[in-house]
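Just so it is clear, none of the values below were taken in a lab; they were calculated from the coordinates. Keep in mind that this is a model prediction, so the values were computed, not measured. Virtual Cβ from ideal backbone geometry, glycine too; neighbours counted across all protein chains shown.
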Amino acid sequence: MSAVPPEPTPSQAPPTLATPTREPEPTSTKPSDFPKVKLRLELRDLSHESTDLFLKNFNSAKDFADLVDVVLKRLYTFPNHDDPTTSLPTPSTTKIPGTRSVTLILRDMDGVAYTTGSDIDNDHKEVHLSLSYLNHVASARAGYTARDEILGVVCHELVHCFQWNAKNTCNGGLIEGIADWVRLNAGFVPPHWKKEAGKSWDTGYQNTGYFLDWIEKSRGTGSVYVINQALCHQKYHEDTFWKDLFGQSVDDLWTEYTESLKKPKDSLDDSSLKMQVRIKKEVEGHS
Ligand SMILES: [Zn+2]
């Protein structure tokens, strides 16, 4: 007869990790119309010092979801018609890509970050973020935190997960410009960004981002929305794309923009700055 095994004793629970105290957050009474997206986090090197830095500065559940919301709102919300700056025709429908999941992967690699479709299919995206890059930014700039940079870079990459690309025919500078326009509009502006004309309108990144911002302010709130929607429906032909939307070639718009930069700072800059501060608070206030 075998001995009755002793009652199992529960092992001691691991100590609770210290988490920052958070104020209860108001629940939105208006459920988001945007599709639900599965978000995942993959840490490929727990021994890397930047993994810890990342976890201390990025609330992976909350910040990640908030940033997806920030991106979707800016790409897929057409402005209210009470807005006097809006003169663009109301779109009949809004099409959003069928992205089903985004996996944020932290790993040691060259560069800053990139976005790709996963091995499963293109509806499952992967955002790869460089641990060595985070290490570098953490120590490099006073007054600009690692958290600011993480939010900004992830915001930029998330745009690539949700923007249209004219069936892969879109000008790469425009793709990058839209991503940095969202980052700019959301208020995650790194100290080295300058509002200046680069070599051409499609230099990409913040150069094109600031150009799109000028279009948004001078041609109507919702201009970037309209550009992104047009990239869903058709292939990109530069000769007709901009004229169809704004009645002008992109070169004419660019010339007008570069001329505007030579003028003294106008009131638009102030309102833009106020808007950026407000939007930044939307995200920061939740963290
Ligand atoms: Zn990019």
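Provide the FRET efficiency to the nearest 0.05 for the Thr90-Leu55 pair, computing r from the beta carbons and using R0 = 51 Å.
Between Thr90 and Leu55 the formula returns 0.70.
Using alpha-carbon pairs under 8 Å, 6+ residues apart, how would you state the relative contact order of the range 89-138 in percent?
Taking the mean separation of contacting Cα pairs over the length of the range 89-138, I get 38 percent.
List, largest first, the extents of the alpha carbons of the range 97-227 along their principal axes, each in whole Å.
Between the extreme Cα coordinates on each principal axis of the range 97-227 lie 41, 41, 24 Å.
Compute the distance from the alpha-carbon center of the range 146-206 to that of the range 214-254, in whole Å.
One Cα centre to the other: 16 Å.
Highest mean first, what order results for 208-217, 97-106 on Cβ atoms within 10 Å?
Packing order, densest peptide first, comes out as 208-217, 97-106.
Under a point spin-label approximation (7 Å from Cα along Cα-to-Cβ), what is the His136-Leu41 distance to one decimal in nm?
In this crude label model, His136 to Leu41 measures out at 2.4 nm.
Can you tally the net charge around Thr258? Count Lys and Arg as +1, Asp and Glu as -1, for every other residue whose Cβ sits under 13 Å from the Cβ of Thr258.
With Lys, Arg at +1 and Asp, Glu at -1, the net is -1.
Roughly speaking, what % of Cα-Cα pairs in the range 90-168 are separated by over 18 Å, rounded to a whole number?
Summing the P(r) of the range 90-168 above 18 Å gives 49 percent of all pairs.
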